[in-house]
Amino acid sequence: MRKRAVSAVTAAVLTVALAVTGLAGCAGDGEKESVRLMVWSPQGDQSVDQGQWLQTCCNAFAKEHPEWDITFVYGVADEASSAGQVAQDADASADVFLYANDNLTAMTDADALVKFGGAYREEIEAVNSQTSLDSVTKDGEIYGVPFAINTWFMFYDKSVFSEEDVKNLDTMLEKGVVSFPFTNSWYLASFYIGNGCTLFGDGTDASAGVDFGGEKAREVTDYLIDLESNPNFRIDADGSGIAGMRDGSIKAMFSGSWDAAAVKEALGDNMGVAALPTYTLNGEEKQMYSYAGTKAVGVNTQSDYMVQAVELAIFLGNEYSQRLHYELENVVPCHTDLLADEEIMSDEVVAAINDTFSRTSILQPNLAEMSNCWTPVENMGKGIRNGSITHENSAEQTEQMNEAMNSDGI
């Protein structure tokens, strides 16, 4: 177990901290306080080749606070795995860490994630969209500082598809080969959501359950069966989509900012980026909707340096740090001032992500019950791919998927 030194907190700083922690303490004597903060982030944020975003921001933070003698201890944990470690053993985890918002519930259930209140909450609310705020909110409390938009969208070859073509998937399939992660439930659900299927009501009501059944869902299953058999459709798995973009056999694919550099290398000036298209179902256009969320900075409830940890979290999510994250690693910001910056918004990837986030996505529910939803949708995609799900049994198979999504076991 990692041990932390216990430190005194000055009364002036403590008054601000009360809004976050509700703790009280004794005034210091004016001497510089020794502080030790363990901070986790993905490897790329600490890579010398990519500019050491984390170390640069932490050093800037330390300069802003000469009243603290801060020792930073850096650890590597990506946004997906950090939450599990914090939830499992908060006392042995970092004071400050980055996490994907869909892991929020695991940490709040373990009472391992700090709530941001008072002036800190006001600062977070002032620079984030409602969707970003909702992504880190549970039961009315804010549990993190959003720093990046996290969703997926579409890349395409502009020499094959026009801006009008990419508004509709079926139009695209008439002109070129399109790849889609058909057996990945994070993507495949977009078709069902587009035809009115819902997850936990507005996404926050566990008692409402999942509605991926009935005629509306069966219609989508039948559409997907036809889509999979379309000669211009390819299932993207194990990197086949980006490989096809490189060799020219695939002209459009669905992914996120993590593939932007590879697609740019493959297509050069012909790289196009767009929000999700519609698809044509029974003669009507239905909008595809991706899952969306944010990546956020969290604070461990077991930190011995709560004031400093919260202040650092706010700093790592501020305009300076998000701009630097974008400049060094192309991490797409969510700070409203940066999304109003003409230079940043001239980046077509940023523009497409922002368009997707605001127009063609839904906030991915961060309820614990969401864990029951992934495998049934994945199995639907796999069943269509291997031919076990057909038009003849689509209604039955769709209902089985819906039942499994509403069950704790599969």
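The values are calculated or read from the model by the stated rules, or taken from the named source; none is laboratory data. Not measured: the values here are computed from a predicted model. Virtual Cβ from ideal backbone geometry, glycine too; neighbours counted across all protein chains shown. Note: areas computed on protein heavy atoms with side chains; ligands, DNA, RNA excluded. Shrake-Rupley method; radii C 1.70, N 1.55, O 1.52, S 1.80 Å.
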Exercise. Got the relative contact order for the chain handy, in percent, Cα pairs under 8 Å and 6 or more residues apart?
Worked result: 23
Exercise. Which sequence of 102, 165, 238 reflects their accessible areas, 1.4 Å probe, from the largest down?
Worked result: 238, 102, 165
Problem set entry | Å² of accessible area per residue within region 60-133, as computed with a 1.4 Å probe and no ligands counted | 42
For this session: State the percentage of accessible surface on the chain attributable to carbon and sulfur atoms; use a 1.4 Å probe and exclude ligands, DNA and RNA.
Result: 46
Exercise. Per residue of the chain, what 222 nm ellipticity follows from adding -39500 (n - 2.57) for every DSSP H run with n ≥ 4, rounded to the nearest 500?
Worked result: -11500 deg cm²/dmol
Problem set entry | Spatial separation of Cα centroids for region 222-252 and region 303-363, in angstrom | 31
Exercise. When the chain is modelled as a GNM with alpha-carbon springs shorter than 10 Å, which of 158, 175, 115 fluctuates the most?
Worked result: 175
Exercise. Helix 319-329 sits at what angle to the longest principal axis of the chain, using alpha carbons and giving 0 to 90 degrees rounded to 10?
Worked result: 50
For this session: Please sort by residue number the trypsin sites (Lys or Arg not before Pro) in region 261-328 whose DSSP state is loop and whose Cβ has at most 10 other Cβ atoms within 10 Å.
Result: none
Seminar exercise, completed: FRET efficiency (residue 125, residue 205; Cβ distance; R0 25 Å; to 0.05) is 0.60
For this session: Highest first, please rank the peptides 329-336, 149-156 by the mean number of other Cβ atoms sitting within 10 Å of their residues.
Result: 149-156, 329-336
For this session: Show which lysines lie in cross-link reach of residue 175 when reach means a straight Cα distance below 16 angstrom and same-chain residues fewer than eight apart are skipped.
Result: 158, 167, 251
Seminar exercise, completed: So the angle from the long Cα axis of helix 374-386 to the longest Cα principal axis of the chain, reported in degrees to the nearest 10, equals 30
Problem set entry | region 263-410 shape via C-alpha gyration tensor axes, a/c threshold 1.5 | oblate
Exercise. So what is the relative contact order for region 262-401, in percent, with contacts set as C-alpha pairs under 8 Å and at least six apart?
Worked result: 24
Exercise. Using r as the Cβ-Cβ distance of residue 164 and residue 186, and R0 as 25 Å, what FRET efficiency do you calculate, to the nearest 0.05?
Worked result: 0.35
For this session: May I ask you to list the aspartates and glutamates whose Cα is less than 20 Å away from that of residue 216, ignoring any residue fewer than eight positions away on the same chain?
Result: 170, 202, 226, 228, 284, 285, 378, 392, 396, 399, 403
Problem set entry | Acute angle (nearest 10 degrees) that the helix 348-359 long axis makes with the longest principal axis of the chain, alpha-carbon atoms | 80
Seminar exercise, completed: Two pseudo-spin positions, 7 Å from Cα along C-beta at residue 50 and at residue 67, lie apart in nanometres by 3.4
Exercise. Within straight cross-link reach of residue 115, meaning Cα distance under 30 Å, which lysines are found once same-chain residues fewer than 8 apart are removed?
Worked result: 3, 32, 63, 138, 295
For this session: Lys and Arg at +1, Asp and Glu at -1: add these up for the other residues within a Cβ distance under 12 Å of residue 287 and post the number.
Result: +1
Exercise. What relative contact order, as a whole-number percentage, does region 38-139 give when Cα pairs under 8 Å and 6 or more residues apart are counted?
Worked result: 26
For this session: Determine the shape class of region 280-349: with a ≥ b ≥ c the square roots of the Cα gyration tensor eigenvalues, call it rounded for a/c under 1.5, and otherwise prolate if a/b is greater than b/c, oblate otherwise.
Result: oblate
